[in-house]
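Would you mind keeping the following structure in view while I ask a few things?
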Ligand code: NDP
Ligand code: GDP
């Protein structure tokens, strides 16, 4: 039997790298789509030892021609669209660019599939950000969406277009509504990795203290390497659909700091309130953390908590890595760099 062939857009990102490794292990031929002005940085693929096992092709979400050409040429069994302007805070600065990449980019792919490759199975990276500050305490596939950032609105646009192409044109496209997921491959600009890299710098006296914004925001954090398996499972189903992928547990940013600080040997005492809140290391009386207005967003989701029962039932998927283990995995990977 010939090898299955998959295209992963956003292969240089966190999820793209883990998914590529996973599909290679399953015997797939893996092709990675690279944008025109790509960072060119393949450190994640190198880190996983798969840089030379993947063919890279041009694939620019802003360019219809680039997408049409590759979809026609590739004759893919599966396409995973993980590419995006993925930063919520940057989407407030660049709402038009974000919409063009995250929403119109997906329509460009769907149109290419409809015209040139309607048997290809398609996965779209939707996001829990689409729920916004929803009144439901726990969100599942039936919860209504109330997006509150340009990023979330762009993702919802793509999500709904995908549903339309699934129903109107019978394309096999599935959408994973993924809650926050992290790993040692997470970019430093997301809060979990920022906390860990900065706490370690404070520990080794390379940084005076860590500065954060809204530490009372709650997120449902899981481990990327668990979550990418759900993407693949979605495309192995007879019937495509939308699936919430989450850990089912929710913690504040402050809880994340506490857990990482404990693991790294800090003994924190929290003092003050609001913008004046800070954390001191009781072991040496030194400041470890303070709040900085700069890191607050114009709009922020206060709490998010997913219910993945549908994925559990249909995909036989569940989140395996606990919050404590996730923090440990990320801390250990970062500490290794200092040895
Ligand atoms: P990353 O930010 O790590 O990776 C994003 C990828 O998209 C990079 O490879 C980047 O390329 C590429 N990219 C950016 N713009 C374009 C473009 N115009 N054309 C083609 N490629 C482009 O994201 P993650 O791996 O964390 O996330 C994967 C997907 O899942 C994203 O769509 C994200 O929005 C979504 N998601 C992520 C969640 C999470 O918690 N991680 C939660 C829910 C959804 P380059 O290397 O050149 O910058
Ligand atoms: P997001 O949920 O996809 O936006 O993931 P992030 O990791 O960027 O942010 C998670 C939460 O942490 C949000 O509510 C942010 O407002 C909050 N947060 C607090 N301080 C910071 C910070 O310094 N950087 C980032 N990225 N987020 C922060």
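The values are calculated or read from the model by the stated rules, or taken from the named source; none is laboratory data. Worth saying up front: this structure is predicted, and the values here are computed from it rather than measured. Note that we place each Cβ from the backbone using ideal geometry, even for glycine, and neighbour counts take in every protein chain shown.
Residue 118 passes all but one of (1) under 26 Å from residue 4 (Cα atoms); (2) assigned to a loop (DSSP other than H, G, I, E, B); (3) under 19 Å from the mean Cα position of the chain (by Cα); which number fails?
Here residue 118 meets the rest and fails (3).
Taking residue 228, is it modelled with pLDDT of 95 or more and either touching a strand residue (DSSP E or B) at 6+ places or on another chain (Cβ under 7 Å) or at positive phi (or both)?
So residue 228 does not fit the description; no.
Somewhere in the range 133-147, is a residue within 24 Å of residue 319 (Cβ to Cβ), within 12 Å of ligand 2 (Cβ to nearest atom) and touching a residue at least 12 places away in the same chain (Cβ under 8 Å)?
yes
Please pick out the residue among 86, 94, 127 that is buried (at least 21 other Cβ atoms within 10 Å of the Cβ), farther than 15 Å from residue 9 by Cα and within 16 Å of ligand 2 (Cβ to nearest atom).
Exactly one of 86, 94, 127 is buried (at least 21 other Cβ atoms within 10 Å of the Cβ), farther than 15 Å from residue 9 by Cα and within 16 Å of ligand 2 (Cβ to nearest atom), namely 127.
Residue by residue, here is whether (1) modelled with pLDDT under 95; (2) under 28 Å from residue 231 (Cα atoms); (3) not in a strand (DSSP E or B) holds:
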site	(1), (2), (3)
171	no, yes, yes
184	no, yes, yes
193	no, yes, yes
198	no, no, yes
202	no, no, yes
207	no, no, yes
211	no, no, no
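Just the residues that are in contact with a helix residue (DSSP H, G or I) (Cβ under 7 Å, 6 or more places away or on another chain) and either within 14 Å of ligand 1 (Cβ to nearest atom) or under 12 Å from residue 229 (Cα atoms) (or both), please, taken from the range 1-12.
7, 8, 10, 11, 12
Given the criteria under 20 Å from residue 172 (Cα atoms) and either within 16 Å of ligand 2 (Cβ to nearest atom) or surrounded by fewer than 21 Cβ atoms within 10 Å (Cβ to Cβ) (or both), does residue 35 qualify?
Taking the combined requirement at face value, the residue does not satisfy it.
Then there is this: Restrict the check to the range 148-161 and report whether at least one residue is more than 18 Å from the chain's Cα centre (by Cα), more than 15 Å from ligand 2 (Cβ to nearest atom), assigned to a strand (DSSP E or B) and farther than 30 Å from residue 335 by Cβ. Steps first, answer last, please.
We begin by selecting, within the range 148-161, every residue more than 18 Å from the chain's Cα centre (by Cα); these are 160-161.
Keeping just the survivors that are more than 15 Å from ligand 2 (Cβ to nearest atom) gives 160-161.
Now narrow it down to the ones that are assigned to a strand (DSSP E or B): none.
Checking the range 148-161: not a single residue is more than 18 Å from the chain's Cα centre (by Cα), more than 15 Å from ligand 2 (Cβ to nearest atom), assigned to a strand (DSSP E or B) and farther than 30 Å from residue 335 by Cβ.
For residue 209, indicate whether it is in contact with a helix residue (DSSP H, G or I) (Cβ under 8 Å, 6 or more places away or on another chain), farther than 19 Å from residue 247 by Cβ and within 14 Å of ligand 2 (Cβ to nearest atom).
Spelling it out, residue 209 is indeed in contact with a helix residue (DSSP H, G or I) (Cβ under 8 Å, 6 or more places away or on another chain), farther than 19 Å from residue 247 by Cβ and within 14 Å of ligand 2 (Cβ to nearest atom).
For the range 53-73, what are the residues that are surrounded by fewer than 20 Cβ atoms within 10 Å (Cβ to Cβ) and away from ligand 1 (no atom under 12 Å from the Cβ)?
53, 55, 64, 65, 68, 69, 72, 73 - these are the residues of the range 53-73 that are surrounded by fewer than 20 Cβ atoms within 10 Å (Cβ to Cβ) and away from ligand 1 (no atom under 12 Å from the Cβ).
Could I ask something else about it? May I ask you to verify whether residue 223 is surrounded by fewer than 17 Cβ atoms within 10 Å (Cβ to Cβ), modelled with pLDDT of 95 or more and in contact with a helix residue (DSSP H, G or I) (Cβ under 6 Å, 6 or more places away or on another chain)?
Criteria not met by residue 223.
Taking strands (runs of 3 or more DSSP E) that do not extend beyond the range 8-100, which have at least 1 residues that are touching a residue at least 60 places away in the same chain (Cβ under 8 Å)?
78-81
For residue 123, state whether it is within 15 Å of ligand 1 (Cβ to nearest atom), closer than 30 Å to residue 65 by Cβ and part of a helix (DSSP H, G or I).
Spelling it out, it is not the case that residue 123 is within 15 Å of ligand 1 (Cβ to nearest atom), closer than 30 Å to residue 65 by Cβ and part of a helix (DSSP H, G or I).
Here's something else I'd like to know. Hey, among the residues in the range 74-101 that are near ligand 1 (Cβ under 8 Å from one of its atoms) and touching a strand residue (DSSP E or B) at 6+ places or on another chain (Cβ under 9 Å), which one's farthest from residue 33 (Cα to Cα)?
The extreme case among them is 86.
Also, I was wondering about something else. For the range 75-82, check the following and say yes or no: at least one residue is within 16 Å of ligand 2 (Cβ to nearest atom), touching a helix residue (DSSP H, G or I) at 6+ places or on another chain (Cβ under 8 Å), modelled with pLDDT of 95 or more and closer than 20 Å to residue 18 by Cβ.
The answer is yes; a qualifying residue exists.
With the requirement that a residue be within 15 Å of ligand 1 (Cβ to nearest atom) and touching a strand residue (DSSP E or B) at 6+ places or on another chain (Cβ under 6 Å), what does the range 184-220 give you?
Across the range 184-220, the qualifying residues are 192, 218, 220.
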